[in-house]
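Here is the structure we will look at.
The values are calculated or read from the model by the stated rules, or taken from the named source; none is laboratory data. Values in this document were obtained by computation on a predicted structure and should not be read as measured data. Every residue, glycine as well, gets a Cβ built from its backbone with ideal geometry; the counts of neighbours run over all protein chains shown.
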Amino acid sequence: MRLASIVIYVSDVPKAMQFYTKAFGFEVNFLDPDVQFPGRISGRQYQFGELKIPGGTVQFGTPALGALLMPGFPEASVSTSVELALYTDDVASVFYQAIQIGGEALRYPEVMPWGQTVAYLRSPEGTYIAICTSPVINNAES
């Protein structure tokens, strides 16, 4: 088994995808701004899209679509408690690019005690994003 994708629920899928493509250079695999699926309720937005990222995909859907597909899904909430961590060799450049595009700085780039460089931001739709170097692996025997 392997991870296929992470899905982030947002109120405006095209707008969220635009941030991720501009801030991080991710490529759009597909975008359906008006998903046609049985059971739709008039006046609600049913949007879905997918970005190709190195190593996988990130998908975006509206809460109305989540509720349509998964009974019991909390349609009223688009806030997330998920953190998306992205590895890069140049944390500062990626971080500041994301801030210029509309991300909110939470913690500026710094080297952690374990040797990893990490920065945190929040995307315009509210997802927490860590921009970091790969963790330093210590193979020393105890």
Give segment 5-36 a look and list any residue that's among the hydroxyl-bearing types (Ser, Thr, Tyr) and at pLDDT below 95, or say none. 5, 9, 11
Residues that are within 17 Å of residue 82 (Cα to Cα) and at pLDDT 95 or above, drawn from segment 125-137: 129, 130, 131, 132
Filter segment 98-118 for residues that are touching a Phe, Trp or Tyr at 6+ places or on another chain (Cβ under 8 Å) and either under 23 Å from residue 60 (Cα atoms) or assigned by TED's automatic domain parsing to the domain that holds residue 52 (or both); which is surrounded by the most Cβ atoms within 10 Å (Cβ to Cβ)? 98
Criterion: over 22 Å from residue 5 (Cα atoms) and assigned to a strand (DSSP E or B) - qualifying residue of 84, 106: 106
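One line per residue, one yes/no per condition, for (1) in contact (Cβ under 8 Å) with a residue 60 or more places away in the chain; (2) surrounded by 13 or more Cβ atoms within 10 Å (Cβ to Cβ):
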site: 23; (1), (2): yes, yes
site: 34; (1), (2): no, no
site: 46; (1), (2): no, yes
site: 55; (1), (2): no, no
site: 65; (1), (2): no, yes
Among the residues of segment 46-56, is there at least one that is under 13 Å from the mean Cα position of the chain (by Cα) and outside the structural domain of residue 2 (by TED's automatic domain parsing)? no
Test for residue 39: is it outside any helix (DSSP H, G or I), over 20 Å from residue 119 (Cα atoms) and in contact with a Pro (Cβ under 9 Å, 6 or more places away or on another chain): no
Return yes or no: is residue 95 buried (at least 16 other Cβ atoms within 10 Å of the Cβ), touching a residue at least 12 places away in the same chain (Cβ under 8 Å), within 13 Å of the chain's Cα centre (by Cα) and under 27 Å from residue 120 (Cβ atoms)? no
When (1) outside the structural domain of residue 104 (by TED's automatic domain parsing); (2) closer than 19 Å to residue 124 by Cα; (3) small (Gly, Ala, Ser); (4) not in a loop (DSSP other than H, G, I, E, B) are applied to residue 67, the one that fails is (2)
Identity of the residue in segment 119-142, without any contact (Cβ under 8 Å) to a residue 40 or more places away in the chain, surrounded by 12 or more Cβ atoms within 10 Å (Cβ to Cβ) and not charged (D, E, K, R), that ends up nearest to residue 61 (Cα to Cα): 121
